[in-house]
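First up is the structure itself, then whatever we jot down about it.
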Amino acid sequence: MFSFITIGGTIAFAASGALAGIRKNLDIFGVAVIAFVTSLGGGTLRDILLGQFPVKWLLDTKIVVLIVSVSVLTVIFKNKINKLDKTLVFFDTLGLGFFTIKGIEVGVGAGLSWPSCIILGTITACFGGVIRDIILNEIPTLFRKEIYATACILGGFLYFLLENFNFLKDYKEILVFFVIVLIRFLAIRMNISLPNIKS
Amino acid sequence: MFSFITIGGTIAFAASGALAGIRKNLDIFGVAVIAFVTSLGGGTLRDILLGQFPVKWLLDTKIVVLIVSVSVLTVIFKNKINKLDKTLVFFDTLGLGFFTIKGIEVGVGAGLSWPSCIILGTITACFGGVIRDIILNEIPTLFRKEIYATACILGGFLYFLLENFNFLKDYKEILVFFVIVLIRFLAIRMNISLPNIKS
Amino acid sequence: MFSFITIGGTIAFAASGALAGIRKNLDIFGVAVIAFVTSLGGGTLRDILLGQFPVKWLLDTKIVVLIVSVSVLTVIFKNKINKLDKTLVFFDTLGLGFFTIKGIEVGVGAGLSWPSCIILGTITACFGGVIRDIILNEIPTLFRKEIYATACILGGFLYFLLENFNFLKDYKEILVFFVIVLIRFLAIRMNISLPNIKS
């Protein structure tokens, strides 16, 4: 189940990265790098901040092949994949929930305090997109629009809150996952976003 | 005394980062990330280059809370804080001197040569602002304007020069601190900057 | 021989970085940082991803002095160095071949799979320029134009292919070097590039 979500999330992140690269008229190599960075950049940044080396994808050839394949397929079928927008958003949202929990638990495993764990969860789920935007010469969408990181942060608080309720403890992953996914879906559906600060 | 300067410097770096984020109309999450990166990015980059993990702020929840608080307060009182410009510059300059020395001494502690230590001091004090500008889609101010890194580099040379004068050795930190602060203040006061290279 | 190529390649990378900084009218400090990042950024990123610390140039004061000298000379003689364009491209291409092989062999030494080694070779040779472009607020040239990373990747495949031919094994470095250099020169000469993906 969870490995299905990881793979679906990775593919969705990679495809959305590839589409962003195509929109900037990169070549196939550039498109593949952006797909890579979008889908693995958050976890890579987390591993670097924690000092867990080599970063995981260097040891996992399958994920490299997967992302290159997604990039090539996205380039070939770009019009069709663009039309799959709803499917992509669906898997992107599952990925958001899953990668947040993964980041939190890596932090817990490293013995960090709960605020640091929430930060690591948010970085894991969201900062691939930040690096993508920096490379593509845009101010990161994550900092300007939509409820996205907010869902991860709220999910993170819930994670540590549930630790205190014995009868819910064992269900915390599944509950946090659904809350993050729910917040994100509602935000998209109702078109809610954090207000931009006026200067 | 020095911990007063660390806190003052961290707050000044965070507030100036938050103001830069507000100027780009980010949302509150984006403003907080930019504040974070501006104030902790230089030290984080130093720790990564040296291989000292986990990076320090992951173990120091207080500094995370401090920066988030500064961000929220800056957003609420943005007009008032903008008027505090001189106070901010004052603490920013103290921070510049202090963080340079801290970076140098981390390098010394790692057994590095003096040029590498000066580089680490400069990175610690200045490269948070560089990362801030990269994220905000600007060519880093540090590379184009004003005497800022120059003050750190000159202070760094002085640090290692004073090592050779027995009677001054014990005062080197305080002397270097005042020289960096002095150079920076004079540069601001007299509006001196490195000339831009004409292409 | 190879140390001649390392130095020539490092100088060429640094000089091209310095020229890019001059074109953006940075000051001398900014020009030197861009030269630094262009020539050492790829290897630094490789060392970080692998977890080999401190990153090498912190232990090698000579290379720091070399790059600062190249930066200063490039600023002083910028018109003359601009005219040396063909010499720069020559050494840049030698550097491309050499740094790719170095990156691959660092990966092999760390026990990584061949796809990861090819990625590390490409990062070592090409990603200094990517970081340069990100700092200078451009979409990386590497992702949009010319055969550059492609030469490294093809060279990387050849490297691991030759492992299987006993009689060629000992010559693999020299063969890969020449193939990368040849592909790059032909691409420049015949003005070949990967097609940009139309969005």
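The values are calculated or read from the model by the stated rules, or taken from the named source; none is laboratory data. This one's a predicted model, so the numbers in the text were calculated from it and none came from an experiment. Because the Cβ atoms are built from the backbone with ideal geometry, glycine has one as well, and the counts that use them run over all protein chains shown. Accessible surface is based on the protein model in full, side chains and every heavy atom, while ligands, DNA and RNA are left aside. Shrake-Rupley method; radii C 1.70, N 1.55, O 1.52, S 1.80 Å.
Here are the numbers for this structure:
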read-out	value
For segment A:87-152, diffusion coefficient by Stokes-Einstein and Kirkwood Rh (Cα), 37 °C, 0.692 mPa s, µm²/s	266
Cα centre as origin, Lys/Arg/Asp/Glu Cβ charges: chain C dipole, Debye	520
Distance from segment C:1-36 to segment B:51-108 (C-alpha centre basis), Å	32
List of segment C:1-43 residues, accessible area with partners at least 50 Å² below that of the chain alone (1.4 Å probe)	C:ASN25, C:LEU26, C:ASP27, C:PHE29
Summed buried accessible area for A+C [probe radius 1.4 Å, Å², rounded to 100]	2400
Using θ = phi - 60° and Karplus 6.51 cos²θ - 1.76 cosθ + 1.60, couplings along segment C:9-24 (whole Hz; Gly, Pro as x)	x, 4, 4, 5, 4, 5, 5, 5, x, 4, 4, 4, x, 5, 4, 8
C:ASN25-A:ASN25 pseudo-label distance in nm [points 7 Å out on the Cα-to-Cβ vector]	2.6
Neighbour count of at most 14 Cβ within 10 Å plus DSSP loop: longest chymotrypsin sites (Phe, Trp or Tyr not before Pro)-free window in chain C	C:78-164
Residue-normalised accessible area of chain B, expressed per residue, 1.4 Å probe, Å²	45
Cα-derived Rg over Rh, computed across segment C:2-189 with Rh taken as Kirkwood radius	0.97
For segment A:32-43, Karplus couplings with θ = phi - 60° (6.51, -1.76, 1.60), whole Hz, Gly/Pro x	5, 5, 5, 4, 4, 5, 5, 8, 10, x, x, x
Sparsely packed trypsin sites (Lys or Arg not before Pro) within segment A:124-199, loop by DSSP, other Cβ within 10 Å at most 13	A:LYS198
At 7 Å out from Cα toward Cβ: A:GLU105 inter-copy label distances (nm, ascending)	4.2, 4.2
FRET efficiency for A:LEU182 and A:SER113, using Cβ-Cβ distance with R0 set to 22 Å, rounded to 0.05	0.25
Taking all pairs of distinct alpha-carbon atoms in the protein assembly as shown, Kirkwood radius in angstrom	25.1
Minimum 40 Å² accessible area buried by the other protein chains, segment B:101-123 residues, probe 1.4 Å, relative to alone	B:LEU112, B:SER116, B:ILE119
Inter-copy spacing of C:LEU168 label points, which lie 7 Å from Cα along Cα→Cβ, given in nm from shortest upward	6.3, 6.3
Selected from B:SER71, B:SER16, B:SER113 as most flexible by GNM, with chain B as the system and alpha-carbon contacts under 10 Å	B:SER113
Apportionment of accessible area to carbon and sulfur, the protein assembly as shown, percent (1.4 Å)	66
Other copies of A:ASN137: label-to-label distances in nm, shortest first, labels 7 Å along the beta-carbon direction	1.1, 1.1
Local electrostatic count, C:ILE119, Cβ distance below 13 Å [Lys/Arg +1, Asp/Glu -1]	0
Relative contact order %, chain C, counting alpha carbon pairs below 8 Å whose residues are six or more apart	23
Environment charge at C:LYS56 (Cβ cut-off 12 Å; Lys +1, Arg +1, Asp -1, Glu -1)	+1
Loop-located trypsin sites (Lys or Arg not before Pro) in segment B:1-105, at most 16 other Cβ atoms within 10 Å (DSSP)	none
List of segment A:139-153 residues, accessible area with partners at least 30 Å² below that of the chain alone (1.4 Å probe)	A:ILE139, A:PHE143
